[in-house]
1. With a cap of 14 neighbouring Cβ atoms within 10 Å, and only residues DSSP puts in a loop, list the trypsin sites (Lys or Arg not before Pro) found in segment 216-304.
2. Within a 10 angstrom radius of the beta carbon, how do Arg362, Arg151 rank from fewest other beta carbons to most?
3. Expressed as a rounded percentage, what relative contact order does segment 130-189 have, with Cα pairs under 8 Å and six or more residues apart?
4. Is segment 191-443 rounded, prolate or oblate when judged by the Cα gyration tensor, a ≥ b ≥ c being the square roots of its eigenvalues, rounded requiring a/c under 1.5 and prolate requiring a/b larger than b/c?
5. Run the dipole for segment 191-443 about the Cα centre, Lys and Arg Cβ at +1, Asp and Glu Cβ at -1, nothing else charged, and hand back the magnitude in debye, nearest 20.
6. Measure up Lys207/Lys368; Lys249/Lys299; Lys386/Lys420 against 25 Å on the Cα-Cα distance and list the ones that go over.
Amino acid sequence: MGAGRNRGSRNRKKEKILAGKTAAVILTALLLATGCQSRYQPIETSAAQPEGPVSPAETDAVDKEPGGVIQTGNTGAPQGPVSSETAAAETSAARETETAETETEPAETEPTTQAAPEFAAVDETVYITGNDVNVRLSCSTSSDVVATLNRGASVKRTGYSEEWSRVVYQEKECYIASEYLSTEAPETLAAAQPAAEGEVRLDPSWKYAEFSKINSGAAMLYKAEGANRKGITVCVNAGHGTKGGSSVKTLCHPDGTQKVTGGSTAAGATTAAAVSSGMTFADGTAEPKVTLAMALKLKAKLLAAGYDVLMIRESDDVQLDNIARTVIANNAANCHIALHWDSTTNDKGAFYMSVPGNSTYRNMEPVKSHWQQHNALGESLISGLKNAGVKIFSNGAMEMDLTQTSYSTVPSVDIELGDKVSDHSDGALETLADGLLAGVNAYFGQ
């Protein structure tokens, strides 16, 4: 009987231990499922804790007897040593909880939507003060870029804030950073231009004038009339048309270095024809005759649009070489457009002579300070021609080391409007003139 009672007592004790363990496992699982962390820490008492592995009987005694490790707070929490599997599970749960909390918090570097600035209403003309200034669809540096403008271009401003300006560009509402705009024309638009209409001759004191060898002729300045006068002068240079120009040589570069591309003069040359005679169209018409007719049409359209016009040539002959033409434009105009047709015979379309990507050439003055302006003007002209329905060759640009570009200090472009077999009828020239005017408007933000 005594033995039976002892066995029954031991069995009940084992059942209690098993029940306690089961409860502890269930509670641990609940805690892990809810992602909770125990707030209760063990408090050491004077009683010694059992050392080494604890038998079931000893565990039961620890659970029942005072002393050992006492849990504060929730006495239903699991007590005693925690198995490595349970500890690992708690650690994993803690990491999952931490990860979940981190993912739900916004990152500090995440971009936030900024409220549009409050614009003060204005109605004024402003000028670009830097090169490659972005025109954007909205007032944000992450907004799409509509165009890039260079120093001297003007736009109408309708709204101002310290950071952004609201402008009208090609009849669209756009935005430009205010720091790149000024109500005063920068130096590019403040060239030493003649005060009155009439002849403009090469001044020997002008920079690079000493490199010219044919300069007894004169350009003619015309000023627009009426309220729409813009105060911007466009130099229209009818290509070729200087008798004897092809037999005289001038330096390709002001520093005497060699040409970096081929063309009418081979790469590596240091001198080129002062003014070439030009090609002959397939129908027998001389190129200088067509470039002059083109220049006269463009002159009329520019004046009507409010631009002043500096005409390099208005007759079959003007005694001004390419350097003289360029230096006069530098000092009496805000941009320089030389009109040409290419010598190919496949009706290739229009393109402009872009500044070569050669680093040595782009680091030579005055190219270094102005090549971006040259290319920007060329791109604007090609865009205007394309919108007018003119055929464009390739991407509209061909790299070429030109005397004109090498001496220019204002935005300057040699534009090829077709080739030997292209239509150069009166109607075709009218279309070309419309496209060029649109390009000038785009460049100067008009």
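Derivation of every value follows stated rules applied to the coordinates shown; laboratory data play no part. Fair warning: this is a prediction, and the values are worked out from it, not measured in the lab. All Cβ positions, even for glycine, are placed from backbone atoms using ideal geometry, and neighbour counts span all protein chains on display.
1. Details: sites: Lys223, Arg229, Lys230, Lys243, Lys249, Lys259, Lys289, Lys297, Lys299, Lys301; in loops: Lys223, Arg229, Lys230, Lys243, Lys259.
Filter output for segment 216-304: Arg229, Lys243.
2. Numbers: Arg362 14, Arg151 21.
Ascending Cβ contact count within 10 Å gives the list Arg362, Arg151.
3. Details: 99 pairs, mean separation 18.6, N = 60.
Taking the mean separation of contacting Cα pairs over the length of segment 130-189, I get 31 percent.
4. Details: a/c = 1.30, a/b = 1.07, b/c = 1.22.
Verdict is rounded for segment 191-443.
5. Values: 21 positive and 26 negative charges, 73 e Å.
Around 340 debye, computed over segment 191-443.
6. Violating the 25 Å limit, Cα to Cα: Lys249/Lys299.
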